[in-house]
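Trainee: Below is a structure I'd like to ask you about.
Bear in mind these aren't lab numbers, they're just calculated from the coordinates by the rules spelled out. All values reported here derive from a predicted model rather than from experimental measurement. Backbone-built Cβ (ideal geometry, glycine too); neighbour counts: all protein chains shown.
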Amino acid sequence: MSGYDPNNVFARILRQEIPARLVHEDERCVAFRDIAPQAPTHLLVIPRKALARLGDAGPQDEGLLGHLLLVAAGLARREGLADDGYRVVINHGRRGGQAVSHLHLHVLGGRDMAWPPG
Ligand code: 5GP
């Protein structure tokens, strides 16, 4: 696993050191609204586990990764995005556009998404 910075902003949200608009929490993950939304609905789903990037997950995280996807889909349904569609994005590393070094799923909806992504 690459180095994990325990003071990254999502670790601080998990420790409740900085506020977030939570939409879900359970024993394995937390979800909240993105502070700079890129779509009318923009949620972030993060594991409680200290994983910096998707590529740091291992076979032991298979269940956790599935859980994050199911939570993302459930939240999208709850937010009324499921019929029209939405996008789930994971950025890994610099070229992937990852700014915060704690694994997170973006759930974006409420507008048409372009393809290919920028
Ligand atoms: P990344 O570029 O790492 O895939 O996405 C990081 C996301 O975290 C960005 O969409 C950014 O707006 C969001 N973000 C950064 N800092 C905060 C924060 O303090 N609170 C919340 N709710 N979102 C944040």
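Trainee: Give me the mean projected area, in nm² to one decimal, of the convex hull enclosing the Cα positions of segment 50-118.
Mentor: Convex hull of Cα atoms, orientation-averaged projection: 5.3 nm².
Trainee: Sticking with this one: With labels modelled as points extended 7 Å from the Cα through the Cβ direction, what inter-label distance (nm, one decimal) is found for Ala73 paired with Ala36?
Mentor: For the pair Ala73/Ala36, the computed spacing is 3.1 nm.
Trainee: Label points 7 Å out from Cα along the Cβ direction at Gln16 and Ala114: separation in nm?
Mentor: 4.1
Trainee: What percent does the relative contact order of the chain come to when contacts are Cα pairs within less than 8 Å and at least six residues apart?
Mentor: In percent, rounded to a whole number, it is 30.
Trainee: Looking at the calculated P(r) for segment 1-58, what percent of the C-alpha pair distances fall above 17 Å?
Mentor: So the portion of pairs separated by more than 17 Å is 41 percent.
Trainee: Starting from the amide H of Val23, placed 1.01 Å from N in the peptide plane, find each other amide H under 5 Å away whose residue is 5 or more places distant or on another chain.
Mentor: Residues meeting the criterion, in which the H sits 1.01 Å from N, are Ala31, Phe32, Arg33.
Trainee: Can you give the local net charge around Leu64? Use residues other than it whose beta-carbon is closer than 15 angstrom to its beta-carbon, Lys and Arg +1, Asp and Glu -1.
Mentor: Net charge around Leu64: -2.
Trainee: Please order Glu25, Glu17 by the number of other Cβ within 10 Å, starting at the fewest.
Mentor: Taking fewest neighbouring Cβ atoms as first place, the list is Glu17, Glu25.
Trainee: A follow-up question, please. Could you tell me how many cubic angstrom of Cα convex hull volume segment 35-76 has per residue?
Mentor: Given the Cα convex hull of segment 35-76, per-residue volume reads 90 Å³.
Trainee: Please state the equivalent ellipsoid semi-axes for the chain: what are the square roots of 5 times the Cα gyration tensor eigenvalues, largest first, in whole Å?
Mentor: 22, 16, 15
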